[in-house]
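The values are calculated or read from the model by the stated rules, or taken from the named source; none is laboratory data. Just so you know, these numbers come straight off a predicted model, no measurement behind them. Neighbour counts are summed over all protein chains in view; Cβ atoms, including those assigned to glycine, are modelled from backbone coordinates with ideal geometry. In case anyone asks, the SASA skips ligands and DNA or RNA and just uses the protein heavy atoms, side chains included. Shrake-Rupley method; radii C 1.70, N 1.55, O 1.52, S 1.80 Å.
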Amino acid sequence: QVQLVESGGGLVQAGGSLRLSCAASGSIFSIDAMGWYRQAPGKQRELVARITSDGSTNNGDSVTGRFTISRDNTKNTVLLQMNSLKPEDTAVYYCNARVRTSIVTVYYDLWGQGTQVTVSS
């Protein structure tokens, strides 16, 4: 079974930091892009940050300069370092990876179960 397991969410005061971690496991042949998305109550899911297999990154406008995404291809993990957190960063954060399970299959989107991040003012 191929899955993503997230960790690192929690409650933090405004201005604080958190680090989210996501590990892919199972019968994975290769992983293309990995990323983090978030969804606040009553809002659509939005991109937080994304990183390709060769390390190219792009961030959502609201987190640029505060959040940093990185990955370890040897461990199939992706990290999100979140600094200078604001109350508006409060949301459920979801890990995403485009994976394929063999050389003859196509890539598909895999999602984690989500981890809650709450920033108090």
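List of remarks:
- Applying 1/(1 + (r/R0)^6) with R0 = 35 Å to the Cβ-Cβ distance of residue 101 and residue 11 gives a FRET efficiency near 0.45.
- Under a model in which nothing but the beta-carbon of Lys, Arg (+1) and Asp, Glu (-1) is charged, the range 30-96 shows a dipole of about 140 debye around its Cα centre.
- Protein accessible area in the chain, 1.4 Å probe - carbon and sulfur %: 47 percent
- Magnitude of the charge dipole for the chain, about its Cα centre and with charges confined to Cβ atoms of Lys, Arg (+1) and Asp, Glu (-1), is about 60 debye.
- Tensor-based shape of the chain (alpha-carbon gyration tensor, a/c under 1.5 rounded, otherwise prolate or oblate): prolate
- Averaged over its residues, the range 1-80 has an accessible area of 54 Å² per residue, based on protein heavy atoms and a 1.4 Å probe.
- Positive-end extreme of charge dipole, the range 38-112 - chosen from 59, 110, 85 (charges on Cβ): 110
- Considering only alpha-carbon pairs that sit under 8 angstrom and 6 or more positions apart, the relative contact order computed for the chain is 35 percent.
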